[in-house]
Amino acid sequence: MDAGRRKKENGNGNDASESEAKMAATIRWPVIKPKHDLQINRLNDLDLFTIPNFFTSVESKAFVKVAESIGFVHQGSLGPAYGEAFRDNDRIAVNDPDLADTLWQSGLSKVFMDIKIRRKVAVGLNPNIRLYRYKAGQHFGRHIDESVDLGGGKLTHYTLLIYLSGGGRSKSKNDSSTLKDTTLEPLVGGETVFYGSRNSLVAEVAPVEGMALLHIHGDKCLLHEGRNVTKGIKYVFRSDVIFA
């Protein structure tokens, strides 16, 4: 693969400041219920899989409401000419170990029970929690996600994305939510697209409310992008899976 095309994500996922940690202490996050019988859909025999209904509709909408109450900050980039992927979105970053642990224990720990990387096992989520917002016209160009060294032998190896909005929703018999939000337009665009050798498209994931997307990152990360949102607003919850 052309190294010149493998632009890195600006911001390495370990940049939560002291002020962000203090902010986390004042946030009332939504209650996350334990998840059972999660369905794992592996894509094209890659280290890439989705989990439908990882968040309920109520949980997804509640995270959006909390995020909007906090307030997003625009995040751009220097662009490919400076070794950074093109980026145009809005972001919140907070350092919250309690939220990371709650989310991990809600079901992700079982998902990663049998996954080992270099004889290391998954032990939790990066406490640096990020929330992204993409409005119409915004996107994230082709890039790779780097591993984050958290010290003490802990290194991240998977990206976790949870779509908080989407063009459709996969229904679950266990999701009895009745919360509706008629203020948001249906989301169009914003697909997460992965590329292989010679820029061949190997997977395309359309945002679906409540669905989790996990993919390996670091030196095995596939080049990928977040396509342009053409209608509605794309909200995403982001963290990383830690191995030790």
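The values are calculated or read from the model by the stated rules, or taken from the named source; none is laboratory data. Everything numeric in this text was worked out from a predicted model, so none of it was measured. Cβ: placed from backbone, ideal geometry, glycine included. Neighbour counts: every protein chain shown.
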What's the total number of residues in the stretch 216-233 that are under 14 Å from the mean Cα position of the chain (by Cα) and either farther than 20 Å from ARG133 by Cα or modelled with pLDDT under 95 (or both)?
2
Applying the selection to the stretch 33-58, what residues are farther than 20 Å from LEU222 by Cα and polar (S, T, N, Q)?
GLN39, ASN53, THR56, SER57
Residues that are in contact with a strand residue (DSSP E or B) (Cβ under 6 Å, 6 or more places away or on another chain) and surrounded by fewer than 19 Cβ atoms within 10 Å (Cβ to Cβ), drawn from the stretch 90-103
ASP90, ARG91
Given (1) in contact (Cβ under 8 Å) with a residue 24 or more places away in the chain; (2) in contact with a strand residue (DSSP E or B) (Cβ under 9 Å, 6 or more places away or on another chain); (3) of a type outside the set (Lys, Arg), identify the lone condition not met by SER106.
(2)
Take LEU38 and decide whether it is touching a strand residue (DSSP E or B) at 6+ places or on another chain (Cβ under 9 Å) and surrounded by fewer than 21 Cβ atoms within 10 Å (Cβ to Cβ).
yes
Criterion first (within 20 Å of PHE54 (Cα to Cα) and crowded, with 16+ Cβ neighbours inside 10 Å) does GLY124 satisfy it?
yes
Would you mind listing the strands (runs of 3 or more DSSP E) fully within the stretch 190-244 where at least 1 residues are in contact with a Phe, Trp or Tyr (Cβ under 6 Å, 6 or more places away or on another chain)?
201-205, 212-216, 223-226, 229-231, 234-243
I'd like the residue in the stretch 182-198 that is surrounded by 12 or more Cβ atoms within 10 Å (Cβ to Cβ) and at pLDDT below 95 and, out of all such residues, is farthest from ASN53 (Cα to Cα).
GLY196
Looking at the stretch 128-159, which of its residues are part of a loop (DSSP other than H, G, I, E, B) and either touching a Pro at 6+ places or on another chain (Cβ under 6 Å) or of a type in the set (Val, Ile, Thr) (or both)?
VAL148
